[in-house]
Amino acid sequence: MTPEERAALIASVTTAYRDRDPFSGLARSHPAWHDLDDQGRREAFEETLASRVLEAALDLNGFSTTVLTVLRRIPGETRRLCEGACALSQVFRLTLFVAGR
C-alpha cells in the first residue's frame, strides 16, 4: 500500500457517516477500516478524536456530529435529558483533549 492509499483510507474512516444495517438499523464500521493495519487504525482513531473535538467546538451546544446523529435517533423527553448530559460530557472531553490526555 502506498502512503497516498493509506492516507485516503484514513481520511475515509474518520468521517462521521456510517452505513446502517438494513435489518437491525445498527451502524456498520466503515469498509476502509478493515483495509488498514493496526498502526493505520490507531492513526485514524486519533484523527477521529481530533475531528470530533473540532466539530463540537463549532457547534453552539458543543456537540460533535456523532452526538447529533445519536440524539436524532432518541425520542422526546429522553432526548432532552441526554442533550444536557451530552453537553457536560463534551466539555469534559474537550478539557481532557486540550490537556493532552
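Things worth noting here:
- Length gained on full extension, Thr69 to Ala16: 18.2 nm, using 0.36 nm per residue less the C-alpha separation.
- The modelled label-to-label distance for the pair Ala7/Phe23, using points 7 Å beyond Cα in the direction of Cβ, is 4.1 nm.
- Whole-Å distance, taken between Cα centres, linking segment 37-71 and segment 1-32: 14
- Of the chymotrypsin sites (Phe, Trp or Tyr not before Pro) found in segment 11-52, those that fall in a DSSP loop while having at most 11 other beta-carbon atoms within 10 Å are Tyr17, Phe23.
- Hz values of 3J(HN,Hα) by residue in segment 23-34 - Karplus curve (6.51, -1.76, 1.60), Gly and Pro given as x: 9, 9, x, 6, 5, 9, 5, 5, x, 5, 4, 6
Only the coordinates and a few stated rules stand behind these numbers; no lab work does. Quick caveat, the model's predicted, so the values are computed rather than measured. Every residue, glycine among them, receives a Cβ derived from its backbone with ideal geometry; neighbour counts consider all protein chains shown.
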